[in-house]
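Right, one structure below, let's go through it.
The values are calculated or read from the model by the stated rules, or taken from the named source; none is laboratory data. If you're wondering where the values come from, they're calculated on a predicted model, not measured in any experiment. Cβ sites come from the backbone with ideal geometry, for glycine too, and all protein chains shown count toward neighbours. What goes into the accessible areas is simple: the full protein's heavy atoms, side chains included, and nothing from ligands, DNA or RNA. Shrake-Rupley method; radii C 1.70, N 1.55, O 1.52, S 1.80 Å.
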Amino acid sequence: MDKAKLKAGFQKYTMIIVLVLVTLFFTWGTQGKILYPQNINNLISQNAYVFVLATGMLLCILTGGNIDLSVGSVVCFVGALCGIFMENMGLPDGVAVILSLLIGALIGAWQAFWIAYVRIPPFIVTLAGMLMFRGLSNVVLAGKTLPIKSETFVKLFGGGANCYVPDFLGGGEGLNRVALAVGILACAIYVAMTMRGYLNRKKNGYETGSVGAMYVKMVLIVAVVMAVSVKLAQYKGIPTSLVWVLVVVLVYGYITSKTTVGRYFYAVGGNEKATKLSGINTNKVYFIAYTNMGFLAALAGLLTVARMTSAQPTYGQNYEMDAIGSCFIGGASAYGGTGTVPGVIVGAVLMGIINQGMSIMGTDQNMQKVVKGAVLLAAVIFDVVSKRKSFIAK
């Protein structure tokens, strides 16, 4: 029984274990440089788009292993339109942002219609979208770079050297007090919610699991959160891009785990026919998943052009691969119906650490692609083999 629990626990936390081992390896390989406060900050800022896109991609994958190949092109197209709205048309920043997000949602709805109601395979629809919106990006920008001059927009979405949450607690030189306060508050909320959930389950007579394991998990998570908070506090504080990432992660984490709509995604991926027979509108589930993907791709587009302080026709290339890879590495099943937002974030962090670690070590770009491809393949092989064994055991 103990061996069974140990095996189940190992399978559940495999990617976290891998993340720790990979971090230790690159800490050794870079002589600790990867853990410098500035590099931790860069890891978050440079991969903000991955966190956002991977969260949306998870909903698509949950519906049956489906993916959206168009997100990189949509990122580029919406980012280009936002730049044109602000710089060429002179629209206020707020209006430009709202229009851009609406256009992203409309693009997602347009693709979702063909997928959900006409039942054209998602691979074909989004492949067409990838080609179309990449071409439209070149058309609207005329193949040129468009500088983003709006300081408000750049600071709000995390592009540039001064795009951090102000230290209104008066930290001044040294540690950023806002970053430390946010870390402490986050840990307090997490501990309170964990203990409340445990006490409620115990009160209602539900299975509570191992108390020791709960405390160990709690201590580890608090330690990681505080370590990251201290690192951020040592270098300018909380980047504004992290605020957007946290909003997306918390909102979609709640939707997928606590709402009826969120459970529909898992149901469709688990068995679409049975889900449809139970009275759930599966077409609507597909429509929501891909419309939402367009919306989050638009947000990622804003984060991208703000960080780069410009819009270019080449932005967004291979972004879809980063998002898809993060989902599968983070535990999403290639068959659908399995995966969590926290798992996806672990996958995205792992991909980010691999990229940054190899860059610091001076690894050739081509070899970096080889390593990322091998990691993705290993994650999918693990998923397929483990599910096959579970099926045979049953």
Amide H proximity to Thr30 below 5 Å, modelled H, separation 5+ or other chain, gives none
A 1.4 Å probe over the protein heavy atoms gives the range 11-88 a carbon and sulfur accessible-area percentage of 65
For Ala223 and Ile184, extending 7 Å from Cα along the Cα-Cβ vector and measuring point to point gives, in nm, a value of 2.1
Karplus ³J(HN,Hα) for the range 66-72 (6.51 cos²θ - 1.76 cosθ + 1.60, θ = phi - 60°; Hz, whole; x = Gly/Pro) runs 7, 10, 10, 7, 8, 4, x
Dividing the mean separation of Cα pairs under 8 Å (6+ apart) by the residue count of the chain yields a relative contact order in percent of 35
If the chain between Gln46 and Val216 were fully extended at 0.36 nm per residue, the gain over the current Cα-Cα distance would be 58.1 nm
Pairs over 21 Å Cα to Cα, from Lys231/Lys258; Lys144/Lys372; Lys258/Lys284, come to Lys231/Lys258; Lys144/Lys372
Computed about the Cα centre, the charge dipole of the chain from +1 Lys/Arg and -1 Asp/Glu charges at the Cβ has a magnitude in debye, to the nearest 20, of 1340
Residues meeting the amide H criterion for Tyr164 (H placed from the backbone, H to H distance under 5 Å, 5 or more places apart or on another chain) are Thr240
Ranked by GNM mean-square fluctuation in the chain (Cα springs under 10 Å), the top entry among Gly301, Gly357, Gly29 is Gly29
Once the dipole of the range 67-222 is set up from charges on Cβ (+1 Lys and Arg, -1 Asp and Glu), the residue from the list Ile184, Met130, Val219 lying farthest towards its positive end is Val219
Under the Karplus relation with 6.51, -1.76 and 1.60 and θ = phi - 60°, whole-Hz ³J(HN,Hα) for the range 133-150, x at Gly and Pro, equal 6, 5, x, 5, 4, 5, 5, 5, 9, 6, x, 10, 8, 10, x, 9, 9, 5
Taking 0.36 nm per residue of separation between Gln368 and Val261 and subtracting their Cα-Cα distance, the length gained on full extension comes to 34.7 nm
In the range 151-254, the GluC sites (Glu not before Pro) that sit in a DSSP loop and have at most 15 other Cβ atoms within 10 Å of their own Cβ are Glu173, Glu207
The ³J(HN,Hα) series, computed from each phi in the range 41-55 with the Karplus coefficients 6.51, -1.76 and 1.60 at θ = phi - 60°, rounded to the nearest Hz and given as x for glycine or proline, is 4, 5, 4, 6, 5, 6, 10, 4, 5, 5, 4, 5, 5, 5, 5
Residues whose modelled amide H sits under 5 Å from the amide H of Ala311, counting only those 5 or more places away in sequence or on another chain, are Leu146, Ile148
Of every hundred units of 1.4 Å-probe accessible area on the range 281-377, the number belonging to carbon and sulfur atoms, as a percent, is 63
The simple spin-label model distance between Val230 and Leu277, using points 7 Å out along Cα→Cβ, in nm, is 5.6
Highest mean packing first, using Cβ neighbours within 10 angstrom, the peptides 117-125, 72-80, 37-45 sort as 72-80, 37-45, 117-125
Under a Gaussian network model of the chain whose springs join Cα atoms within less than 10 Å, the largest fluctuation of Ile34, Ile61, Ile17 belongs to Ile17
For the range 176-278, the accessible surface attributable to carbon and sulfur atoms (probe 1.4 angstrom, ligands and nucleic acids excluded) amounts in percent to 69
Checking Ser229, Ser100, Ser359 against a Gaussian network model of the chain (alpha-carbon springs below 10 Å), the top fluctuating residue turns out to be Ser359
Per the 1/(1 + (r/R0)^6) rule, R0 = 41 Å and r from the Cβ atoms of Glu207 and Thr314, FRET efficiency to 0.05 is 0.20
Counting only protein heavy atoms and rolling a 1.4 Å probe, one gets per residue an accessible area for the chain in Å² of 51
Volume per residue (Å³) of the convex hull spanned by the alpha carbons of the range 1-144 is 191
